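Undergrad: I'd like to ask you about the structure that follows.
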Amino acid sequence: MLAITYLLYFGQLGVLVPYLGVFLDGRGFSSQQIGELFALITITRILGPNLWASMADKSGKGLAILRLGCLLTVSTFCLVFWLDGFWGLTLAFALMMMFWTAVLPQLEVLTLNCVASDPSRYSRIRLWGSVGFIILTIITGKAIDISSSDAPIYVSFAVLFCLFIATLFIYEGPGKVISQTANGSIWRKACTTPFILFMFSAIFLQVSFATYYGFFALYTRDLGYSGQTTGILLALAVAAEIVIFLLAGKLIKVFGLKWILFISIGLTAMRWYVLGVAAEYLWILILSQIIHAFSFGMHHAASIKFIHDYFGQAYQSRGQALYISIAFGLGGAIGNYVSGYLWQQGAGSYQAFLFSALTALLAALVLLGIPAKKMSY
């Protein structure tokens, strides 16, 4: 059931992340408005994860928090069907995102605790999230071709409802609530140089992703690719992700966390640059999507392992939440605002992807400041 939950969670990301820009464009939003809306709703990822994770760690009821988050997410998402205009849709998506942030940290903790005796099982369970992303991305791309740019919100509602139902069938093993003072303050761990540099690197990487997440589907449409082709390209990226998840544990053991992260980020910088200069060639698009295996898949697996090992059992929920809220929340908000400003209805696509490439390069350089032995626990 954990695998099904991952499938639906990341399947939902496969609907909204690439196609929300298409939906908003269909509602008449400019690229700057799209970037601003993305930035505003992404800000909710800064406070939300830490609030929910603190509740989970103190109460020991991570599964209950997970279920509540899914219920409130699908409930508030329904506002999209009644609200319109910039501020109406911003409110609807911001509320949905606030509750959505309760889901992933708890799901990651439940899974990691479940596979504690065999950590390699994490990658095998997590890859079902990639499968969900592939399936829903292709379905939604085809639905846009057949129907309209409103298709993503109808698919999203169905997926979110199924996600909530799936969480009702998850059960966690017996355990005890960990005292908050078990291993000292979380901030004593969070304010060390290795963790701070890791977080700056993660922030810069998420800033770089904003152009891709916000405008890739619009970019390919402007280049003459169909919605179905875009869906297949997005699915290809996640298919490559699945392969890397199967290999992640072994590669991390061979190269170490630091160099796996560095290589992944370096390839990401190259990916954004080639997207900006040569996306009219299909083979370039295919190559750039295959690199997603490292841009997200390998980087995510290595980052989650680092956070889980670094903070230990007492603060694992808040450790995951710090990473998600600051890196994805702050980094995503900054990146969305800047990329929306640069995009200019497609006229500034090169500048936007160049900005992403330079930011990813900066993320890789920051990582060099961490001694490799400080990332092994």
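Undergrad: Which numbered condition in (1) in contact with a Ser or Thr (Cβ under 9 Å, 6 or more places away or on another chain); (2) of a type in the set (Ser, Thr, Tyr); (3) modelled with pLDDT of 85 or more is the only one that Thr76 fails?
TA: Looking at each condition in turn, Thr76 falls short on (1).
Undergrad: Give me the residue from the range 333-371 that is part of a helix (DSSP H, G or I) and of a type in the set (Val, Ile, Thr) and, out of that set, farthest from Ser303 (Cα to Cα). It would help to see each step written out before you state the result.
TA: Initially, the range 333-371 is screened for residues part of a helix (DSSP H, G or I), giving 333-346, 349-367.
When the remaining residues are screened for being of a type in the set (Val, Ile, Thr), the result is 334, 338, 359, 366.
Values: Ile334: 21, Val338: 25, Thr359: 18, Val366: 15 Å.
Step by step, filter the range 333-371, then rank; the result is Val338.
Undergrad: Same structure again: Taking the condition under 26 Å from Gln345 (Cα atoms), in contact (Cβ under 8 Å) with a residue 60 or more places away in the chain and either surrounded by fewer than 24 Cβ atoms within 10 Å (Cβ to Cβ) or of a type in the set (S, T, N, Q) (or both), does Gln32 pass? Please lay out each step first, then the result.
TA: Details: under 26 Å from Gln345 (Cα atoms): yes; in contact (Cβ under 8 Å) with a residue 60 or more places away in the chain: yes; either surrounded by fewer than 24 Cβ atoms within 10 Å (Cβ to Cβ) or of a type in the set (S, T, N, Q) (or both): yes.
Criteria met by Gln32.
Undergrad: Could you go through the range 210-233 and let me know if any residue there is free of Cβ contacts under 8 Å to residues at least 60 places away in the same chain and open to solvent by less than 20 Å² (accessible area, probe 1.4 Å).
TA: yes
Undergrad: What number of residues within the range 264-282 are over 19 Å from the mean Cα position of the chain (by Cα) and touching a residue at least 60 places away in the same chain (Cβ under 8 Å)? Lay out the reasoning, then the answer.
TA: Applying the first criterion (over 19 Å from the mean Cα position of the chain (by Cα)) to the range 264-282 yields 270, 273-282.
Then drop every residue that is not touching a residue at least 60 places away in the same chain (Cβ under 8 Å), which leaves 270, 273, 275-277, 279.
Residues that pass the stated criteria total 6.
Undergrad: How do the helices (runs of 4 or more DSSP H) wholly within the range 189-304 filter down when requiring 3 or more residues that are at pLDDT 90 or above and not aliphatic (A, V, I, L, M): which remain? Walk me through it before giving the result.
TA: Values: elements: 193-222, 227-255, 257-278, 282-290.
Fully inside the range 189-304 and qualifying: 193-222, 257-278, 282-290.
Undergrad: Which residue pairs have Cβ atoms under 7 Å apart, sit 6 or more places apart or on different chains, and have a first residue in the range 237-263 that is touching a residue at least 12 places away in the same chain (Cβ under 8 Å) and a second that is open to solvent by 60 Å² or more (accessible area, probe 1.4 Å) and of a type in the set (Lys, Arg)?
TA: If the second residue must be open to solvent by 60 Å² or more (accessible area, probe 1.4 Å) and of a type in the set (Lys, Arg), the pairs left are Ile252/Lys305; Leu257/Lys305.
Undergrad: If you don't mind, there's one more thing I want to ask. Can you work out which of the residues in the range 320-350 that are under 16 Å from Ser31 (Cα atoms) and of a type in the set (Phe, Trp, Tyr) is least open to solvent (accessible area, probe 1.4 Å)?
TA: Trp343
Here's the yes/no breakdown for (1) over 28 Å from Gln106 (Cβ atoms); (2) assigned to a helix (DSSP H, G or I); (3) of a type in the set (A, V, I, L, M, F, W, C); (4) in contact with a Pro (Cβ under 8 Å, 6 or more places away or on another chain):
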position: Thr5; (1), (2), (3), (4): no, yes, no, no
position: Leu13; (1), (2), (3), (4): no, yes, yes, no
position: Tyr19; (1), (2), (3), (4): no, yes, no, yes
position: Leu24; (1), (2), (3), (4): yes, yes, yes, no
position: Glu36; (1), (2), (3), (4): yes, yes, no, no
position: Ile41; (1), (2), (3), (4): no, yes, yes, no
position: Trp52; (1), (2), (3), (4): no, yes, yes, yes
position: Ala56; (1), (2), (3), (4): no, yes, yes, yes
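Undergrad: May I pose another question? Considering only the range 247-262, state which residues are open to solvent by 50 Å² or more (accessible area, probe 1.4 Å) and within 19 Å of the chain's Cα centre (by Cα).
TA: Phe262, the sole residue that qualifies.
Undergrad: Sticking with this one: Can you pull out every residue in the range 61-74 that is out of contact with any Phe, Trp or Tyr (no Cβ under 7 Å at 6 or more places or on another chain), farther than 13 Å from Ala166 by Cβ and open to solvent by less than 40 Å² (accessible area, probe 1.4 Å)?
TA: Across the range 61-74, the qualifying residue is only Gly62.
Undergrad: Among the residues of the range 119-132, are any modelled with pLDDT of 90 or more, open to solvent by less than 80 Å² (accessible area, probe 1.4 Å), over 16 Å from the mean Cα position of the chain (by Cα) and β-branched (Val, Ile, Thr)?
TA: The answer is no; no qualifying residue exists.
Undergrad: Next question, about the same structure. If the Cβ limit is 8 Å and pairs must be 6+ apart or interchain, which residue in the range 84-96 that is surrounded by fewer than 18 Cβ atoms within 10 Å (Cβ to Cβ) pairs with which residue that is aromatic (Phe, Trp, Tyr)?
TA: Phe86/Phe29
Undergrad: I've got another one for you. Inspect all residues belonging to the range 314-321 and state whether any of them is touching a strand residue (DSSP E or B) at 6+ places or on another chain (Cβ under 6 Å) and at negative phi. Explain how you work it out, then say what you get.
TA: Residues of the range 314-321 that are touching a strand residue (DSSP E or B) at 6+ places or on another chain (Cβ under 6 Å), as a first pass: 314.
Retained after the next criterion (residues that are at negative phi): 314.
Yes, the range 314-321 contains a residue that is touching a strand residue (DSSP E or B) at 6+ places or on another chain (Cβ under 6 Å) and at negative phi.
Undergrad: Among the residues of the range 169-184, is any within 30 Å of Val338 (Cβ to Cβ) and either at pLDDT 85 or above or surrounded by fewer than 21 Cβ atoms within 10 Å (Cβ to Cβ) (or both)?
TA: Filtering the range 169-184 down to residues within 30 Å of Val338 (Cβ to Cβ) leaves none.
No: the range 169-184 contains no residue that is within 30 Å of Val338 (Cβ to Cβ) and either at pLDDT 85 or above or surrounded by fewer than 21 Cβ atoms within 10 Å (Cβ to Cβ) (or both).
Residue-wise test of (1) under 19 Å from the mean Cα position of the chain (by Cα); (2) of a type outside the set (A, V, I, L, M, F, W, C); (3) closer than 15 Å to Leu20 by Cβ; (4) assigned to a helix (DSSP H, G or I).
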residue	(1), (2), (3), (4)
Leu66	yes, no, no, yes
Leu71	no, no, no, yes
Phe86	no, no, yes, yes
Leu89	no, no, yes, yes
Ala92	no, no, yes, yes
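The values are calculated or read from the model by the stated rules, or taken from the named source; none is laboratory data. Note that the structure is a prediction, hence the values are computed from the model and not measured. With ideal geometry, Cβ positions are generated from the backbone for all residues, glycine too; neighbour counts draw on all protein chains shown. Just the protein is used for accessible areas: all its heavy atoms, side chains included, with ligands, DNA and RNA removed. Shrake-Rupley method; radii C 1.70, N 1.55, O 1.52, S 1.80 Å.
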